[in-house]
Amino acid sequence: MSDDVKLTIGSQNLLGWERVSIKRSMEMLCSSFQLMLTDVWKDTDFELFPYLDCSIKIGDDLLLQGFIDDVTPDISADSETFSVSGRDKTGDLVDCSAPNIPASWNKEIQFEALIRELLSPFSIGLVVGTDLGLPVKKFSLNTGESPYEAIARLCEDRALLPMSTPEGKLILTETGSERSTDKLEYGVNVVAAKASYNAVNRFSSYTVKGQSSGGSESSPASNVFGEAEDPEVTRVRPKILLAEGQDTNKGAQDKAAWEAQIRAARAQKISVTVPDWRQSSGELWRENRLAYVKIPALRVDNDLLISEVVYKEDSQSRSADLQLVSPDTFSPAPSKVVKPARKKKAFQWQ
């Protein structure tokens, strides 16, 4: 199978790129690409400029459909280079402010219908990959808020992940339960690996304080309180948080447990490099897939979630950089059932 990277604009296909970087990530809505040519560009009269519709494929696999953001010719006495970069269609949801008028929904509306209204001005399609839950009772846009920021707010309490499809649509999904075909093992298909264990945003205890709504003589306001610990933080590092709508002790307790769990998960990341874009099955490495990872030098021997894939190529080599995280990184927000912080994380320095 030929794995040439193809940039398609209208009916024209451009191949032969000398430097390639294509990124798909669970932690940012839109996929992106950067491609570069040298010298040979001067032999073509084809013009590229921002805003053009485009698509990117590896072989026959579509990675993104979107627009060119930036075109950079660079000329010197020794060489001429030409770089082009862009993102998928959902980039407009990140950059722009939501133009919906009116900017508030004061009557109950189905969750899917509300998301479609936010997408409508940008002609971006919606794919529903999971149960969306109950209708939304009321919702208001903040001044200047982007559609993505609004959608992320709506999705947070429902354990939904807003991501983009290769076709440039928005998909509402959950943390993947699908598995990659291949394991990731150092010395087998992993040629380089790096770990990051960051303690800055982890605390020994989390205390959530607030006040219930109350507001009447028969139902007066009252203080709410919740607390959880991270047993892996062995020195005193307390963190006090505002309840933000958790108006019961149980709500505050769930918020504290979730903070302990999510901060521990996000503090640990593994990055690996594999020497091919495809697995042994012929399938591309993809984000939102579970993979068994074994890297003895980093004390890793667990299932992890592929949160990001960057397909790279230059004049010397081709590779894929994968970012791996604990599945707890995308755990549901406190309005869902939240598991208490685990004593053993998905990977841990022994």
Which residue out of Leu134, Leu160 is buried (at least 19 other Cβ atoms within 10 Å of the Cβ), under 30 Å from Glu108 (Cβ atoms) and not assigned by TED's automatic domain parsing to the domain that holds Ala252?
-> Leu160
When you go through (1) buried (at least 18 other Cβ atoms within 10 Å of the Cβ); (2) at pLDDT below 95 one by one for Cys54, which number turns out not to apply?
-> (2)
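Let's see how each residue does on (1) farther than 29 Å from Pro135 by Cβ; (2) aromatic (Phe, Trp, Tyr); (3) surrounded by 12 or more Cβ atoms within 10 Å (Cβ to Cβ):
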| position | (1), (2), (3) |
| --- | --- |
| Leu48 | yes, no, yes |
| Ser79 | yes, no, no |
| Asp92 | no, no, yes |
| Ser97 | no, no, yes |
| Pro102 | no, no, no |
| Lys107 | no, no, no |
| Glu117 | no, no, yes |
Is it the case that Leu298 is touching a helix residue (DSSP H, G or I) at 6+ places or on another chain (Cβ under 8 Å) and either touching a residue at least 12 places away in the same chain (Cβ under 8 Å) or under 20 Å from Val188 (Cβ atoms) (or both)?
-> no
Inspect all residues belonging to segment 97-114 and state whether any of them is acidic (Asp, Glu), in the same structural domain as Met163 (by TED's automatic domain parsing) and within 24 Å of the chain's Cα centre (by Cα).
-> yes
Of the residues that make up segment 236-243, is at least one at pLDDT below 85, farther than 22 Å from Arg299 by Cα and either touching a strand residue (DSSP E or B) at 6+ places or on another chain (Cβ under 9 Å) or not acidic (Asp, Glu) (or both)?
-> yes
State all residues of segment 69-97 that are of a type outside the set (Ser, Thr, Tyr) and in a strand (DSSP E or B); if no residue qualifies, say none.
-> Asp69, Asp70, Val71, Pro73, Asp74, Ile75, Glu80, Phe82, Val84, Gly86, Arg87, Asp88
Which of the residues that make up segment 5-24 are surrounded by fewer than 16 Cβ atoms within 10 Å (Cβ to Cβ) and either over 15 Å from Arg318 (Cβ atoms) or not assigned by TED's automatic domain parsing to the domain that holds Thr72 (or both)?
-> Gly10, Ser11, Gln12, Asn13
Looking at (1) under 28 Å from the mean Cα position of the chain (by Cα); (2) at pLDDT below 85, which is the only condition Trp41 fails?
-> (1)
Report whether or not Asn302 is assigned by TED's automatic domain parsing to the domain that holds Ala193 and on the phi > 0 side of the Ramachandran plot.
-> no
Considering only residues of segment 175-221 that are in a loop (DSSP other than H, G, I, E, B), charged (D, E, K, R) and within 28 Å of the chain's Cα centre (by Cα), which is modelled with the lowest pLDDT?
-> Glu178
Note on segment 71-85: residues in contact with a strand residue (DSSP E or B) (Cβ under 7 Å, 6 or more places away or on another chain) and over 12 Å from Met36 (Cα atoms) are Ser79
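The values are calculated or read from the model by the stated rules, or taken from the named source; none is laboratory data. As the structure is a prediction and not an experimental result, all values here were calculated from the model. All Cβ positions, glycine included, derive from the backbone under ideal geometry; neighbour counts span all protein chains shown.
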